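Here is the structure we will look at.
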């Protein structure tokens, strides 16, 4: 990237700048969409600076046997190269050295170099062209691509959260402990009992020593919270409130979390319990669990009409009938739509080529298999990667079963003869 930043703009140099840089394979594909490496590739390709990449033979350099690549960049492409990238596979084209030099055991002959340069200069499309040098056959291949051929959308696919809920003494008991400190708090409570609520600071050294022996690696903030009376009292109060809610809501199992939550809200209002959103969610999370047969959990109900609807459709690039594919599901009320909570454990991603429409891909590849899924368009990221194997790999058919069987039988005969010779010698 440093070399790219040093390229002279056309305002300073009529010819612009051209760079040839040697890389290992990681520069082609390392990093996910939105990550640093992918964004560097995206920056170079979308600025139309990448002219060509040449794959070199293995063991071409003294200190490494890995495959290497030459990237050729220019900020003043010719008209024919605009928005194009050439990939040249020169890996199978080389001559062996008479004596290895470290890892280096091969090299390009002048004829090989000329073939590569000619393919580059002419932007040739070659399919395994044979190059014979010193009676040794080499092969060179070359292909041309649009810049967008290397790009893809990383599309997030969501599915609805489905929860069952039930107040039980066991589930409520989990509220005694802060989730981030649970292991240590469980040990402390089981060791010191209810005295932990009045004398926790008295046990500070023993608790922190135990955490150190368990290699828990608590930071200073966590260590302080673990032995502070407020932490324990807060969790105890939350557990007592949950017990009170259980007495009024009951211990029935709810297959519809929306109904359960509504009843809990009514009891909270009736008892005039003061709870922050975080505290209420902690209680609800403690007594609910995912179940594929449960009802979908509603996130919000909204009205979409007029200018608001038009703006949303323009943002999503879809028709009103397609809104369910983007997470907006029609309700019974006119202009009403429901958004559902998403289930993180079921979240998935799809890599969609830049040249393909995301919605079309979704309808073809996702919807038939997971009908309740939808596209989280705002979470979409763009990535770029270049795979030589994808474009130049040649499949070699497997040998027939008859040929393999014949070879095995032949080896068995040879081994039997060898064994008999050994036994005779003995």
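All of the numbers you see were taken from the coordinates with simple rules; none came from a lab. Predicted model, so just to flag it, every value in this text is computed and none were measured. Heads up, the Cβs are rebuilt from the backbone with ideal geometry, glycines too, and the neighbour counts pull from every protein chain shown.
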Most fluctuating residue given options 284, 181, 28, as computed from a GNM of the chain linking Cα atoms under 10 Å: 181
Using alpha-carbon coordinates, inclination of helix 110-121 to the longest axis of the chain, degrees: 60
Folded to 0 to 90 degrees: helix 182-192 orientation relative to the chain principal axis, Cα: 40
Projected label distance in nm at residue 302 and residue 197, using a 7 Å step from Cα toward the beta-carbon: 4.4
Centre separation in Å (Cα based) which lies between region 78-100 and region 38-76: 10
Of all DSSP beta bridges in region 1-137, antiparallel share, percent nearest 5: 80
Bridge type composition, the chain - antiparallel percent by DSSP, nearest 5: 95
Nitroxide proxy distance, nm - points 7 Å out along Cα→Cβ at residue 144 and residue 12: 3.2
Ellipticity estimate at 222 nm from DSSP helix runs (n ≥ 4, -39,500 (n - 2.57)) divided over the chain, nearest 500: -11500 deg cm²/dmol
Euclidean distance between Cα centres, region 281-314 to region 240-256, Å: 23
Percent of beta bridges antiparallel (DSSP, region 39-102, rounded to nearest 5): 60
Gyration tensor (alpha-carbon) shape descriptor, region 125-274, a/c threshold 1.5: oblate
Inter-label distance for residue 291 and residue 109, nm, one decimal - labels placed 7 Å from Cα along Cα-to-Cβ: 7.5
Using alpha-carbon coordinates, inclination of helix 36-46 to the longest axis of the chain, degrees: 60
Taking the chain and dividing mean pair separation by its residue count, relative contact order in percent (alpha carbons under 8 Å, at least six apart): 20
The chain: most fluctuating residue of 210, 374, 289 per GNM, C-alpha cutoff 10 Å: 210
Region 318-384, relative contact order [Cα under 8 Å, separation at least 6], %: 34
Cα centroid separation, region 315-372 to region 143-199 (Å): 26
Cα shape, region 289-329, gyration tensor, a/c 1.5 rule: prolate
